[in-house]
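Worksheet: the structure to be examined is printed underneath.
The values are calculated or read from the model by the stated rules, or taken from the named source; none is laboratory data. These figures come from a predicted structure and were not determined experimentally. Reconstructed Cβ throughout: ideal geometry from the backbone, glycine too, with neighbour counts over all protein chains shown.
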Amino acid sequence: MFAEATEAATEVALKSGWFLEHAWVVPVIPALSFFLIIFFGKRMPKKGSEFGVASMLGSLVFAGGAAYQWMAANSVLLPCLALWSLQVARPTSGFNE
């Protein structure tokens with residue numbers, strides 16, 4: 001019985017995607033950057049801002065990947081793309097016609 005539950009949990013984890021399984025990394029990256037700035041910031045050429053900018057970009061990538069996988073798993077992405085493509089296909093002049 002325990003093996004079946006473990007197998008079901010593994011199957012759900014595989015369906016959700018890598019970014020959703022590792023979404024906990026999004027807040028950990030800036031926290032790690034905080035400590036790097038505290039301990040090594042004064043020794044860096046730009047006083048640690050390199051760590052802050054890199055951590056924000058890393059968090060953006062992880063959060064964007066998680067959002068994309070969540071939208072794809074919940075069938076949110078395809079209707080939005082279909083609606084967007086319909087609006088792009090019919091450009092208007094901006095005036096009510």
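Residue count for the range 26-57 satisfying the condition of being touching a residue at least 12 places away in the same chain (Cβ under 8 Å) and on the phi > 0 side of the Ramachandran plot: 1. Out of all the residues in the range 71-89, is one or more modelled with pLDDT of 90 or more and either among the β-branched types (V, I, T) or in contact with a strand residue (DSSP E or B) (Cβ under 9 Å, 6 or more places away or on another chain) (or both)? There is no residue in the range 71-89 that is modelled with pLDDT of 90 or more and either among the β-branched types (V, I, T) or in contact with a strand residue (DSSP E or B) (Cβ under 9 Å, 6 or more places away or on another chain) (or both). Within the range 44-70, restricting attention to residues that are of a type in the set (A, V, I, L, M, F, W, C) and crowded, with 16+ Cβ neighbours inside 10 Å, the residue that is modelled with the lowest pLDDT is W70.
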